[in-house]
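The values are calculated or read from the model by the stated rules, or taken from the named source; none is laboratory data. Keep in mind it's a predicted model, so treat the numbers as computed, not measured. Cβ atoms come from the backbone with ideal geometry, glycine included; neighbour counts cover every protein chain shown. In case anyone asks, the SASA skips ligands and DNA or RNA and just uses the protein heavy atoms, side chains included. Shrake-Rupley method; radii C 1.70, N 1.55, O 1.52, S 1.80 Å.
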Amino acid sequence: MTIFVAQHARRATPEATASAVLDDLDSRVTDEASFLVLPENVFTNGGDVQELPRRLREECLDRLTALARTRGTYVLTGSWTETRPGGGLVQVTRLLDPGGSECARVERPVLPDGTTGTGDDFPVVETPFGRVGVLLGPDFWLVEPPRIECLAGAELLLVAGSLDGRQQASQRAAVWGIATLNTVAVVFAGSLSERCGGGSAVAVPEGFVAEAGTDEGVIEAPWDVERIRHLREPDLRFQQTLWFGLWARRTELYTDLTAQVS
Amino acid sequence: MRVAVVQTQWVDDPEDGLRNAYQAIEDVCGAGDIDLVCFPEFLLGPPWYMPGQDGLKGRTDTPIPGPIVDGFQSLARKLNTHILLGSLVEDMQDGMYRNTSLLIGRQGVITGRAVKAHPFGNEMVVCRQTDALGVLSTEFGQIGIAVCSDFWIPEVVRLLALAGARTVFVPGGTLGQNQPLMVNALRTAAYLNDVNIVYASSVGVVRGKRGDRLVEIHFAGTSLVASPDGVLAQAGSDEPETLVVDIDEPADGDGRRWQQLRRPDAYRALLTPYAGADRDLAGELRASLTGGGGPDRGRPAAATSTHEGTRS
């Protein structure tokens, strides 16, 4: 079983970006794929965040659906901007199953500064390859959303993300750190642009399995859910200890995390 | 704040361990003004309830207050520094213990205390845990203390950061097999929460028998200081040493931005247990302490019947 992650530079137009990304996926993603993950805001030109034209959205979704079906893979579509009734812009990511059906969707508001907001739904999907959590944009960096999905049993986090902070070296390292602190595998997809520093990676608690750095392309990594299940099984003899972070919690101490803090 | 992080070595005689700790404070403070000296978890050496350490009962545990703490208080007063006694096994005098971190102020007064909240191993059976996590007010602002394995629960550093801590002290001990991921996890906690992390660890091997098995637990030092931007200083894994690091409150970074995007009303699921937890670990440990078998379950296939413990 293999995970594929797309990382591409943005072109002059959304159409050109979409063509570059989708053509590359068609040629590189093999039938070995169990998951394919695309980044936040995947088909833009790198300028202001704007609604992706309906015709282009439909074409992109059609091609990703075909890819899911022909390769027999789960596809996290990355996100693109759509308009909701009332005129609000949202970023939307969809998880397509190998039949091409949508099995999870996350929508997040586009904030006034063009960045993506956070939300209150954190889906976990049962698949033949393990339980997967779906995350979009900054929810990944918030500590709580990845944690909630792992507490619900997610063994693999699929992240339509972006490395767009001011501390990108720390962000890159945190992809692995979040995997360690939650005893989970993380598939993080990010784009390349003036603001977005790539950093697509597949990480497990012990380290990175694959990293794209700032190279354009599609990276792939093996996926073994049994390794995560092994690490989560308590071993009271000190030989492995990462299970502790999930098992030893004292929930009565955490109530302040659900309170508004000024 | 100028911090000295003392990486201790566990020695056979706790009296030697105590003398080494006193000497480390004298040495580092004698070389320059130090605002705070930070020690690891179990600064006197292994607690008696670690595998095969029964002979240390009454030697590496201590009442608080008591003569051991008195000595550190005198040193703090003499050297005009804060001392964070990473942790001591506090003898509660009623058959129970606590894993307690003490902050001693410049005047030699105990000004703060943090009791480990998340027990590891036999602590589930023989120790009491704290009922609250909170920050301490100091002349350096508010600080947090996450005693060793408390760090492995991401909720702890998050709570301390949300409560106002800009520096979180983690008196701990790096297990051999965890060394690289421990460093990165500490760095990650600093970044995500926009805090400094001051981590003190020890070196050495704990050896003893548990039933018919030889137990070896390797500690790999790697004390460090991390800011949200990365690791500022890091000790080695084999020797006692002291890091001296000047740390400032972090400038608002990405972590602060992430915190402003939080939606706490949506986080009720954090108040529920991990969905996969289906064993009574305290019960299994209780059985092992009373000779009733116990922690065989979950043993990796690679472990032999005569040897257990960490990888060096």
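Let me make sure I get this right: for chain B, a, b and c are the square roots of the gyration tensor eigenvalues over alpha carbons, sorted descending. Under 1.5 in a/c it's rounded, otherwise prolate if a/b > b/c, else oblate. Which is it? Spell out each step's value before the answer.
Values: a/c = 1.58, a/b = 1.15, b/c = 1.38.
Taking the square roots of the gyration eigenvalues as a ≥ b ≥ c, chain B is oblate.
Accessible area per residue of the protein assembly as shown at 1.4 Å probe, in Å²?
Numbers: 20530 Å² over 574 residues.
I get 36 Å² per residue for this part.
Using a 10 angstrom cutoff on alpha carbons, build the Gaussian network for chain B and name the most mobile of B:Asp33, B:Asp246, B:Asp278.
B:Asp278
Keeping all protein chains in the complex and leaving out DNA, RNA and ligands, what accessible area do you get for A:Tyr74 with a 1.4 Å probe, in Å² to the nearest 10?
For A:Tyr74, solvent-accessible area is about 20 Å².
Just to make sure I understand: if all protein chains stay in place, what is the order of A:Asp235, A:Asp224, A:Asp48 by accessible area at 1.4 Å, largest first?
Details: A:Asp235 0, A:Asp224 85, A:Asp48 125 Å².
Ranked list, largest accessible area first: A:Asp48, A:Asp224, A:Asp235.
Helix A:168-182 against the longest principal axis of chain A: what's the angle in degrees, Cα atoms only, rounded to the nearest 10?
Around 50 degrees separate the two axes.
How much accessible surface area, in Å² rounded to 10, belongs to the heavy atoms of B:Lys78 with a 1.4 Å probe?
My reading of the accessible area for B:Lys78 is about 130 Å².
State the Cα centre-to-centre distance between the stretch A:39-115 and the stretch B:27-100 in whole Å.
Using only Cα atoms to place each centre, the spacing works out to 56 Å.
If you count the DSSP beta bridges with both ends in the stretch B:2-255, what percent of them are antiparallel, to the nearest 5? Working shown, then result.
Details: 37 of 57 bridges.
The antiparallel fraction comes to roughly 65 percent.
Take the solvent-accessible surface of the protein heavy atoms, probe 1.4 Å, and return the percent of it on the protein assembly as shown that carbon and sulfur atoms account for. Don't skip to the answer; put the middle values down first.
Numbers: 9560 of 20530 Å².
Answer for the protein assembly as shown is 47 percent, counting heavy atoms of protein chains only.
Would you please give the residues with an amide H less than 5 Å from that of B:Asn196, counting only those at least 5 places away or on a separate chain, with H modeled from the backbone geometry?
Answer set, sorted by chain and number: B:Thr167, B:Val168.
To the nearest 20 debye, what charge dipole does the stretch B:2-255 have about its Cα centre, counting +1 at the Cβ of each Lys and Arg and -1 at the Cβ of each Asp and Glu? Can you show the working numbers first?
On the way: 18 positive and 32 negative charges, 100 e Å.
The calculated dipole for the stretch B:2-255 is roughly 480 debye.
Starting at the first residue of the stretch A:72-86, write each ³J(HN,Hα) from the Karplus equation 6.51 cos²θ - 1.76 cosθ + 1.60 with θ = phi - 60°, in whole Hz, x for Gly and Pro.
Result, rounded to whole Hz: x, 10, 7, 10, 8, 6, x, 10, 9, 8, 10, 9, 9, x, x.
Taking 8 Å as the Cα distance limit and 6 or more residues as the minimum spacing, I'd like the relative contact order of the stretch B:2-255 as a percentage.
Details: 623 pairs, mean separation 51.0, N = 254.
Relative contact order here is 20 percent.
Anything in chain B that counts as a DSSP H helix reaching 20 Å or more along its axis (C-alpha) with Kyte-Doolittle mean of at least -1.0? List them, would you? Could you put the intermediate results ahead of the total?
Numbers: long enough: B:14-30 (24 Å, -0.62); B:179-193 (21 Å, 0.29).
Helices passing the filter in chain B: B:14-30, B:179-193.
Compute the angle between helix A:14-28 and the longest alpha-carbon principal axis of chain A, please, reported from 0 to 90 degrees and rounded to the nearest 10.
With rounding to tens, the tilt is 60 degrees.
From Cα pairs below 8 angstrom and at least 6 apart in sequence, can you work out the relative contact order of the stretch B:134-225, rounded to a whole percent? Show your work: numbers first, answer last.
Numbers: 168 pairs, mean separation 23.5, N = 92.
Normalised by residue count, the contact order of the stretch B:134-225 is 25 percent.
Pull up all non-local amide H partners of A:Arg10: gap of 5 or more, or a different chain, and H-to-H distance under 5 Å with H placed in the peptide plane.
When sequence neighbours closer than 5 places are left aside, the close amide H contacts are A:Leu192.
For all pairs of alpha-carbon atoms in chain A, what percent lies in each bin of width 10 Å, listed from the first bin to the last filled one?
7, 32, 37, 18, 5, 1
Tally Lys/Arg at +1 and Asp/Glu at -1 over every other residue whose Cβ is under 13 Å from the Cβ of A:Ser193; what's the total?
-2
What list of ³J(HN,Hα) values in whole Hz, one per residue of the stretch B:112-117 in order, does the Karplus curve 6.51 cos²θ - 1.76 cosθ + 1.60 (θ = phi - 60°) give from phi, with Gly and Pro shown as x?
x, 7, 9, 9, 4, 9
Determine ³J(HN,Hα), in whole Hz, for all residues of the stretch A:35-42 in sequence, where each value follows from phi through the Karplus function 6.51 cos²θ - 1.76 cosθ + 1.60 and θ = phi - 60°; x replaces Gly and Pro.
Each residue of the stretch A:35-42 in turn: 9, 10, 10, 10, x, 4, 6, 6 Hz.
Compare each residue of the stretch B:81-123 in its chain alone against the assembly with all protein chains, and report those whose accessible area goes down by 50 Å² or more; 1.4 Å probe, heavy atoms.
Relative to the lone chain, where solvent access is computed with a 1.4 Å probe, the stretch B:81-123 loses at least 50 Å² at B:His118, B:Phe120.
With the contact rule set at Cα under 8 Å and sequence spacing of 6 or more, what percent relative contact order holds for chain A?
18
Total accessible area buried between chains A and B, 1.4 Å probe, in Å² to the nearest 100? Walk me through the numbers before you get to the answer.
Details: alone 12310 and 14770 Å², together 20530 Å².
For chain A against chain B, roughly 6500 Å² becomes buried.
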